[in-house]
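Take a look at the structure set out below.
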Amino acid sequence: MDKIKVGIVNVTGYAGIELARLLLKHPDVDLVSGTGRSAAGQKLADVFPHLTGVAELTVESELGNVDFAFVAMPHRESALEVMKLMERGIKVVDISADFRLSNPDDYNEWYGFTHPSPELLDKAVYGLPELYRKDIASANLVANPGCYPTSAILAMAPVVKNGIVEEDIIIDSKSGVSGAGRTLALGSHYSEANENTSAYALKGHRHLPEIVQELTYIGGEAVNVTFVPHLVPMTRGILSTCYASLTSEYISHDNVQEEITAIYREFYKDEPFVKVVDASPHTKNVWGSNMCHVYPFADVRTGRLIVVSCIDNLVKGAAGQAIQNMNIMSGFAEVSGLEAPPIYP
Ligand SMILES: NC(=O)c1ccc[n+]([C@@H]2O[C@H](COP(=O)([O-])OP(=O)(O)OC[C@H]3O[C@@H](n4cnc5c(N)ncnc54)[C@H](OP(=O)(O)O)[C@@H]3O)[C@@H](O)[C@H]2O)c1
C-alpha cells in the first residue's frame with residue numbers, strides 16, 4: 001500500500017508534538033506538514049530539539065497538501081479547523097473535545113460556546129477503537145476521546161455492558177501535568193505543581209458529560225457518575241480508580257473475583273492495547289506507550305468492584321489513540337507505528 005501524506009494542526013502543543021514523534025517513524029505515512037503560530041517558519045527540530053536528526057519539517061502557518069489530518073487545538077478553535085478540512089475532503093481525527101458530545105447544547109453548558117457546526121456532530125464517530133472499531137473504519141471524521149474518559153470508560157465498559165454493577169459509579173482520577181497542555185498557566189508552574197497534589201473541578205469537569213454519554217450508551221441505562229480529577233506532580237500518566245457496587249446477584253458468588261477477571265479478559269481478548277493485569281497497575285507501566293492496563297478487584301467485604309486503569313495521557317489518551325484511529329480509517333494494521341513498548345524506569 002502507498003504511503004499517505006499526513007499533517008498536524010497544530011504541531012506546537014503537547015498533543016501535536018507527540019503526534020509528530022510517533023508519525024515520523026510510522027511506516028505507512030509521510031508527515032509532510034505541521035502548523036503552529038508560535039513557531040511558523042522555524043524548523044520543527046529547532047523548536048523541539050528531541051526531534052533533532054529525525055524531523056526535517058519546517059512549521060507552517062497553513063496546512064499543506066495532505067491526504068489525512070490530525071487537529072490538536074484548544075476547543076472551539078479545533079472545530080473551526082475541522083470544518084475547513086472537511087470542506088477540502090480530507091479525513092480528520094480531532095483530538096479536542098469538539099466532536100465528542102452528540103448533543104450540541106452540551107457545548108454551551110460545559111464548554112461555554114455555541115457549536116459552529118452541529119450538523120457534523122452526527123457524522124463524527126467517537127474514536128474508542130475497543131468499542132467502535134467498525135464505525136471508525138468507515139468514518140471521515142473521528143472524535144478522539146479525552147484522556148480521562150479513555151481511562152474511565154476502558155475500566156468500566158466490561159461490567160457496565162454486562163450489567164454486573166449498579167449504575168452509580170465513582171471515578172477518581174489522577175493526571176500528570178502535561179494533561180493541562182503546553183500553554184503557560186499558573187497551576188502548571190514547577191513551584192505550584194511539584195510536591196503538591198490537589199483535587200479540582202468538583203462541581204463538574206468537562207470530561208464528565210463524555211464519560212456519562214459513553215457509559216450510558218454502552219450499558220443502555222442512565223448512569224450516575226461522580227468524577228473527581230486530581231493533579232499530581234508527574235509529567236505524563238493517568239491513573240483512574242473506579243468504584244461501583246456489584247449487583248446483588250454477583251455479590252453472593254463464591255468465586256466472584258475469578259468470574260469478573262474472566263469477564264474482563266474475554267471483553268479485551270483481541271485488543272492489542274488493553275491488557276487485563278493481575279495486580280494494581282502503575283502509570284510507569286504504560287509510560288510512552290499506547291497501552292492501557294486494567295485491574296478489576298472485587299471487594300467482597302463491601303460488595304464493591306474497584307477497577308484501576310492506567311494510560312499515558314499523551315499516547316493512549318491523545319496522539320497514540322489518534323494514530324490507532326487513523327490506522328483503522330486508512331486500512332493499515334491497527335498497531336502500525338504504535339508497537340514500541342513502554343519506557344522503564
Ligand atoms: N495534553 C493532553 O494530555 C491532552 C489529551 C487529550 C486531548 N487533549 C486535547 O488536545 C488539544 C490540544 O491540547 P494540548 O495539551 O496539546 O494543548 P497545548 O499544549 O496547550 O497546545 C495547544 C496548541 O494550540 C495552539 N493554540 C493555542 N491557543 C490557540 C488559539 N487561541 N488559536 C489557535 N491556536 C491556538 C498552540 O499553538 P500556537 O500558539 O503555536 O499556535 C498549541 O499548538 C486540546 O483540545 C486538549 O483538550 C490534550
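If we scan region 226-239, do we find a residue that is more than 19 Å from the chain's Cα centre (by Cα) and in contact (Cβ under 8 Å) with a residue 40 or more places away in the chain?
Within region 226-239, one or more residues are more than 19 Å from the chain's Cα centre (by Cα) and in contact (Cβ under 8 Å) with a residue 40 or more places away in the chain.
Within region 58-88, work out how many residues are farther than 22 Å from Asp105 by Cα and assigned to a loop (DSSP other than H, G, I, E, B).
10
State whether one or more residues within region 206-227 are part of a helix (DSSP H, G or I), farther than 16 Å from Asp106 by Cβ and in contact with a strand residue (DSSP E or B) (Cβ under 9 Å, 6 or more places away or on another chain).
yes
Residue check, Tyr107 against (1) of a type outside the set (A, V, I, L, M, F, W, C); (2) touching an Asp or Glu at 6+ places or on another chain (Cβ under 9 Å); (3) more than 14 Å from Leu141 (Cα to Cα); (4) near the ligand (Cβ under 9 Å from one of its atoms), all met but one. Which one?
Condition not satisfied by Tyr107: (4).
Of the residues that make up region 125-135, is at least one in contact with a Lys or Arg (Cβ under 9 Å, 6 or more places away or on another chain), within 16 Å of the ligand (Cβ to nearest atom) and not assigned by TED's automatic domain parsing to the domain that holds Ile263?
yes
Out of all the residues in region 180-225, which are without any contact (Cβ under 8 Å) to a residue 12 or more places away in the chain and either closer than 21 Å to Ser245 by Cα or within 20 Å of the chain's Cα centre (by Cα) (or both)?
Listed by number, the residues that qualify are Thr216, Tyr217, Gly220.
Is there a residue being within 14 Å of the ligand (Cβ to nearest atom), closer than 23 Å to Ala185 by Cβ and over 20 Å from the mean Cα position of the chain (by Cα) anywhere in region 58-69?
Yes, there is a match, as at least one residue in region 58-69 is within 14 Å of the ligand (Cβ to nearest atom), closer than 23 Å to Ala185 by Cβ and over 20 Å from the mean Cα position of the chain (by Cα).
Give the number of residues within region 1-47 that are part of a helix (DSSP H, G or I) and in contact with a Phe, Trp or Tyr (Cβ under 7 Å, 6 or more places away or on another chain).
Adding up the residues that qualify gives 2.
Please list, ordered by residue number, the helices (runs of 4 or more DSSP H) wholly in region 235-341 having 2 or more residues that are assigned by TED's automatic domain parsing to the domain that holds Glu18.
320-330
Per-residue answers, yes or no, for (1) away from the ligand (no atom under 14 Å from the Cβ); (2) in contact with a helix residue (DSSP H, G or I) (Cβ under 9 Å, 6 or more places away or on another chain); (3) not hydrophobic (A, V, I, L, M, F, W, C):
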position	(1), (2), (3)
Val29	yes, yes, no
Gly36	no, yes, yes
Met73	no, yes, no
Ala79	no, yes, no
Glu87	yes, no, yes
Val92	no, yes, no
Ala97	no, yes, no
Asn103	yes, yes, yes
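Can you find even one residue in region 48-57 that is free of Cβ contacts under 8 Å to residues at least 24 places away in the same chain and part of a helix (DSSP H, G or I)?
yes
The values are calculated or read from the model by the stated rules, or taken from the named source; none is laboratory data. These numbers come from a predicted model, not from an experiment. Using ideal geometry, Cβ is built from the backbone for each residue, glycine included, and neighbour counts are taken over all protein chains shown.
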